[in-house]
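Notes follow the structure.
Since every read-out is calculated from the coordinates, none of them should be taken as a lab result. Please read these numbers as outputs of a predicted model, since none were measured by experiment. Ideal geometry is used to build each Cβ from the backbone, glycine not excepted, and the neighbour counts take in all protein chains shown.
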């Protein structure tokens, strides 16, 4: 019975690899063979490089009734093609759809992107993930996971200076369950999404100072959480030694 389970798992893994590779090849062929697809991807690259969420807003809005679907796909694209800035899409969504509708769209699409990264890593392995992200970045996340254990994903999602996408890929390379990963990601990502969306609904293209201030605020908040976790971990051995000596 165990052998049948292993065979089924291998078969599922082979199918998963075939689907991912076929999808990647289809995108590459479309890019080189279809001028419209190539122009769209180049336009998306320039959008993110501009650092102006209003440019992304205009791009999404140009698709009319399909704007929400286009935004959803943009978020997934930035998840896979790390490290494009996701918060620009979050600001654009809030500005275009209103803060709470934009928050729902940004949160669900970010969750979908995280799930996709997780399964790409789990199915294709570390070598592929290193090519999609960076070897150095992945090693840093590995060390972070080793230090903080079960709370790693939750803490990482609260720290805006830690790559959302690399964390998702790295999690897929561990023995972590998909359900646990998804719950930690959802909880950790929600506060930032709500605040970014609320502020994004009030921003204009020139409000870069406010955006910078907001990012610093989140960085400091996340740093406090991280310092607290490190402090707890370091004091545990000391407390245990003291209890043994007293006993």
Task: For the range 96-185: relative contact order, % (alpha-carbon pairs under 8 angstrom, 6 or more apart) - done: 41
TODO: Can you grab the distance from the C-alpha centre of the range 120-142 to the C-alpha centre of the range 37-51, Å, no decimals?
DONE: 24
Task: Residues 158, 182, sorted so that the one with the fewest Cβ neighbours within 10 Å comes first - done: 182, 158
Open item on the list: Show me the ranking of peptides 125-138, 22-35 by mean Cβ neighbours inside 10 Å, starting with the highest.
Closed with: 125-138, 22-35
